[in-house]
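The values are calculated or read from the model by the stated rules, or taken from the named source; none is laboratory data. Predicted, not measured: the structure shown is a model, and the values here were computed from it. Here the Cβ is made from the backbone with ideal geometry for all residues, glycine too, and neighbour counts use every protein chain on show. Please note that ligands, DNA and RNA were not included when accessible areas were found on the heavy atoms of the full protein model with its side chains. Shrake-Rupley method; radii C 1.70, N 1.55, O 1.52, S 1.80 Å.
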Amino acid sequence: MSKTDSLQESRQDESTIMRVRDLEVYFDMSRGQSRVVDGIDLDLKRNEILGVVGESGSGKSMLAASLLDAVVDPGVTNGEVTYVEEDGTETDVLGLSKKELKRFRWETVSMVFQGAMSSFNPVTDIRTHFEETLIAHEEDLDEGMERAKEIITDLHLDPERVLDAYPHELSGGMKQRALIALSLVLEPEVLVMDEPTAALDLLMQRSIITLINEIKEKYDLTIVFITHDLPLITGLADRLAVMYAFQLVERGPATEVVRNSAHPYTRALLKSTPNLQTPLEEMRPVEGSAPDPINVPPGCSYHERCPLATSICETEDPDPYDVTDDHEANCHHWEETLEME
Amino acid sequence: MSPTTTKPTATTGKRPWRWSETDMSQQQTGTSQQDGPSANEQEPLLSVNDLKVHFEKESQSIFGETETIKAVDGISFDLTERDVLVLVGESGCGKTTLGKTAVGLQRPTEGTVTYRGQDVWTAKDRLGDIDIPFREIRQSLQIIHQDPGSSLNSHKRVRSILEEPLIQGSEDLDWNQRRARILGMLEHVGMAPAEDYIDRYPHQLSGGEQQRIALVRAFLMNPDVILGDEAISALDVSLRIEMMDLMMDLQEMFDTAFLFISHNLSNARYIAGKTGGRIGVMYLGELVEIGTVDKIINDPEHPYTRALKWATPELDPEDAEEKDEMPIRSIDIPDPEDPPSGCPYHTRCPEAKEVCATEEPSLLETDVDEHRHQVACFRSQDDHAYWDSDPIE
């Protein structure tokens, strides 16, 4: 299915599968309160691929973790994370008991986090990882393993070889695909992936991206794909959300966000990203550096680095402005931004 | 000739740290090279000839057999003064081993590495007539690691980290001169006010600042060649341009040749494009295509180079959508312990024919781009038996 089709479909089917409101995550530190997610609202639409882009330290991994109420202690998660079933039944994710959460995390919303290498137990073969997961969730083992083999095959791996292998016997790319298969074995609705291709070679990254797209279609998944590598997901994502300094600063259809960026940070990020098309003279680094979570500038958190900043930006934190009906930017000067070179 | 006086300072006021290469080569090579700068242009600075690096790996079997991994298997290239070559390829293709061998950190199994005509390992082993002592070669070939910051000694202040190369170097600088030069370099790489940085310890610097210090230290050794091994791939995408700009700025300032290793074609394009350098594509220990950015990025010939280009993400979503199907038959790289027969790429190549499984193409010069392009694929030879061969499977 082409992107335009899927976009139209997601417009027709406006059903939200996850709703996030006023989400904040903070850590109390001796230096002060470190607010690593600072008031995020987000609607994840059923069967979309949402790309969340941000630099290291922008809070994107914390956003990913909070979708599963998986922020590590002593982090505190506040706000609303709601999972909505197709019939409209709602689940308050942050209010789930420990036992409920355990089921929810694999069977409803599953995750592939950074560093597949450490996600597997090195002294256990891959088959046991699958079996233990199925048993822990009281699934039929034979049926479950059949499903596992099918998913593994979908990911261009030989099931018998992979299942019999120990983690160290697989290459990085194979391990990462085995982990994706494991995350899907309990047939979740939503898959949250945090840098699932980091540390892999280009060819493997690209192959995994292609496979994720195929798998998403086959298993009717909704995917949140989190990365610092913008071009990696522009072709995959239906919508993009750009994160800067612990907040979302722009979101919209991928093509819109890339071609008509309405936040100066998104523009700067695009210009600073090495790629094969942009003329070399046009590539330049983002000026300045990202703020410390303990000491975020008042007003718009980007104003100190922004070429368009005026006095309003120093005092007033911008709410989202509508650029089009499905594209919004948290920038007082979004109209000027659209005119930027 | 004392090796400690081989690098006199040129008197270019603006760039007090720039040494004249011409003076240097005349002093160094003495009798072997009389005509100075013009001949110097032609003679390779660093030359790698039919290089092979094989590792023995103990097998798990009770018979204690060993298996040979051919990390580098017959690679040749030259670097001239200020030349830039970026080696790209997947993990395990041997690019790091090739880089390390080229700068004299790894002994080749076969083949030679020569620096200004001096065989590096002959010098190291002190065999026969040695024109350039190994100590000097070592200093001329420097390496910047994958995570440059972590290579800094955490117990030393910035000042003493950067003083080391100056003390070891050729010039007789006193304390004040060294301090002035360090301050100048810090300012130059954007660490201002430099007085604030000079007495800090590495842990008091940001990751980017640590990298700058590691870069400055490598360049202050005044090397002729710097090997940058994935020196920026650990960085966020948005910080890479800045770091590459800094490296190229220092490269120009110090007149250094650059051997850069990356798995990322976008970074390779940026560096080779900005410096007029070349990109070399490696696959399973062999160089399969080498050429300028124009050729490698815009019009690649080897099916593997094309696959790498396909794999490189595009910024514009619609361009990305238009990409063809995966141009590889298998996602996973073959086992390097048991490499395919014939062309090493034939097991993944969508264009492979039967002849590719039995015969290995050699790296041949093509007539494009003033012969700066070489490719190892039968498809680049119009009259090859490939064209009449049957498709695989």
- region B:89-242: radius of gyration and largest Cα-Cα distance (Dmax), Å: 17.3, 51
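So for region A:188-341, what are the equivalent ellipsoid semi-axes in whole Å, largest first, each being the square root of 5 times an eigenvalue of the Cα gyration tensor? Write down the numbers at each step before the final one.
Values: eigenvalues 164, 64, 48 Å².
Calculated on Cα positions only, the semi-axes equal 29, 18, 15 Å.
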- D_trans [Stokes-Einstein, Kirkwood Rh over alpha-carbon pairs] for chain A, 4 °C, 1.567 mPa s, µm² s⁻¹: 62 µm²/s
- Residues losing 30 Å² or more accessible surface upon assembly, region B:289-313, compared with the chain by itself, 1.4 Å: B:310, B:311, B:313
- Size of region A:169-279 as Cα extents on the principal axes (Å, biggest first): 43, 29, 25
- Pull up the cross-link candidates among the lysines for residue B:309, meaning alpha carbon to alpha carbon under 16 Å and not fewer than 8 places away within one chain. B:295, B:323
- Query: Highest GNM mean-square fluctuation, chain B, Cα pairs closer than 10 Å: which of B:83, B:119, B:338?
  - Reply: B:338
- Task: With no solvent and one equal point scatterer placed on each C-alpha of the protein assembly as shown, evaluate the Debye formula and give log10 I(q)/I(0) for q = 0.07 Å⁻¹, two decimals.
- Result: -0.56
- Message: Need the C-alpha centroid separation for region A:271-331 versus region A:207-265, integer Å.
- Response: 18 Å
- Query: Which parts of region B:331-365, residue by residue, lose 40 Å² or more of accessible area when the rest of the protein chains are there, as against the chain isolated (1.4 Å probe)?
  - Reply: B:331, B:332
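Strictly greater than 14 Å: what percent of every Cα pair in region B:294-366 meets that? Before the final figure, lay out each step's value.
Working: 1756 of 2628 pairs.
Considering region B:294-366, 67 percent of its Cα-Cα pairs are separated by more than 14 Å.
Taking the Cα centre of chain A as origin and charging only Cβ (+1 Lys, Arg; -1 Asp, Glu), how large is the dipole, in debye to the nearest 20?
Working: 30 positive and 66 negative charges, 210 e Å.
About 1000 debye.
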- Query: Out of residues 5 or more away from residue A:321 or on other chains, whose amide H comes under 5 Å of its own, with H placed 1.01 Å from N in the peptide plane?
  - Reply: A:329, A:330, A:331
- Ordered by number, the residues of region A:221-255 that have at least 10 Å² less accessible area in the complete protein assembly than on their own chain alone (1.4 Å probe) are A:228, A:229, A:231, A:232, A:234, A:235, A:255
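In the protein assembly as shown, what percent of the accessible surface is made up of carbon and sulfur (1.4 Å probe, ligands and nucleic acids excluded)? The partial results should precede the final answer.
Values: 14200 of 31390 Å².
Reported share for carbon and sulfur atoms: 45 percent.
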- In square angstrom to the nearest 100, the accessible surface buried at the B/A interface, both sides summed with a 1.4 Å probe, amounts to 3900 Å²
- Task: Take every DSSP beta bridge with both residues inside the protein assembly as shown and express the antiparallel ones as a percent of the total, to the nearest 5.
- Result: 65 percent
- From phi via Karplus (6.51, -1.76, 1.60), per-residue ³J(HN,Hα) for region A:266-271 in Hz, x at Gly/Pro: 4, 4, 5, 4, 4, 5
- Dipole of the protein assembly as shown, positive direction: furthest Cα of B:231, A:262, B:127, with charges on the beta-carbon: B:127
- When all alpha-carbon pairs of region B:109-153 are counted, what percent fall beyond 14 Å? 55 percent
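Using only C-alpha atoms and all pairs of different ones, pull out the Kirkwood radius for region A:13-126 in Å with one decimal.
Details: mean 1/r = 0.0643 Å⁻¹.
Kirkwood hydrodynamic radius for region A:13-126: 15.6 Å.
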- Task: Quick one: angle between helix A:126-136 and the longest Cα principal axis of chain A, in degrees between 0 and 90, rounded to 10, please.
- Result: 90 degrees
- Task: Tell me, rounded to the nearest percent, the portion of alpha carbon pairs in chain B spaced more than 34 Å apart.
- Result: 35 percent
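Give the Kirkwood hydrodynamic radius (Å, one decimal) of region B:187-243, defined as one over the mean of 1/r across all pairs of different Cα atoms. If you can, show how the numbers build up before the last one.
Working: mean 1/r = 0.0794 Å⁻¹.
Final number for the Kirkwood radius of region B:187-243 is 12.6 Å.
What FRET efficiency, computed as 1/(1 + (r/R0)^6) with R0 = 22 Å and r the Cβ-Cβ distance, is obtained for residue A:78 and residue A:325, rounded to the nearest 0.05? Intermediate values should be presented prior to the final figure.
On the way: r = 30 Å, r/R0 = 1.35.
Computed FRET efficiency for residue A:78 and residue A:325 comes out at 0.15.
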- Tell me which lysines have Cα within less than 24 Å of residue B:57's Cα, excluding those fewer than 8 residues away on the same chain? A:175, B:70, B:95, B:100
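Report the semi-axes of the equivalent ellipsoid for region B:159-224 in whole Å, largest first, where each axis is √(5λ) for an eigenvalue λ of the Cα gyration tensor.
Semi-axes, largest first: 19, 13, 10 Å.
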- Any idea how far apart residue A:97 and residue B:338 come out in nm if each label point goes 7 Å out from Cα toward Cβ? 5.2 nm
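Place a +1 charge on the Cβ of each Lys and Arg in region B:38-186 and a -1 charge on the Cβ of each Asp and Glu, then give the dipole magnitude about the Cα centre in debye, rounded to the nearest 20.
Details: 18 positive and 24 negative charges, 157 e Å.
The dipole magnitude comes to about 760 debye.
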- Item | Cα Rg, Dmax (largest Cα-Cα span) when computed across region B:256-393, Å | 15.4, 49
- Note on the structure: Inter-part gap, Cα centre of region B:343-378 to Cα centre of region B:124-174, in whole angstrom, is 40 Å
- Query: Could you give the distance between the Cα centres of region B:242-285 and region A:59-134, to the whole Å?
  - Reply: 41 Å
- Calc'd 3J(HN,Hα), region B:180-187, phi into Karplus 6.51 cos²θ - 1.76 cosθ + 1.60 (θ = phi - 60°), Hz, glycine/Pro = x, comes to 4, 5, 5, 4, x, 5, 4, 4
- Message: With unit charges on the beta carbons (Lys and Arg positive, Asp and Glu negative) and the dipole taken about the Cα centre of the protein assembly as shown, which residue among A:124, A:110, A:144 sits farthest to the positive side?
- Response: A:124
- Item | For region A:97-165, the spread of Cα positions along each principal axis, largest first, Å | 38, 28, 23
- Of A:327, A:275, A:291, farthest towards positive along the dipole that unit charges on Lys, Arg, Asp, Glu beta carbons give region A:236-330: A:275
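Nearest 5 percent is fine: what portion of the DSSP beta bridges confined to chain B is antiparallel?
60 percent
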- Approximate spin-label separation residue B:192-residue B:362, in nm, with each point projected 7 Å along Cα-to-Cβ: 5.5 nm
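With every protein chain left in place, what is the accessible area per residue of the protein assembly as shown in square angstrom, probe 1.4 Å? Could the numbers behind the result be given before it?
Details: 31390 Å² over 734 residues.
Result: 43 Å² of accessible area for each residue.
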- Query: Can you run phi through the Karplus equation (6.51, -1.76, 1.60; θ = phi - 60°) for region B:226-239 and list ³J(HN,Hα) in whole Hz, with x for Gly and Pro?
  - Reply: 10, 9, x, 8, 6, 5, 10, 6, 7, 7, 4, 3, 6, 9
- For the protein assembly as shown, the dipole about the Cα centre with charges only on Cβ (Lys and Arg +1, Asp and Glu -1), to the nearest 20 debye, works out at 3140 debye
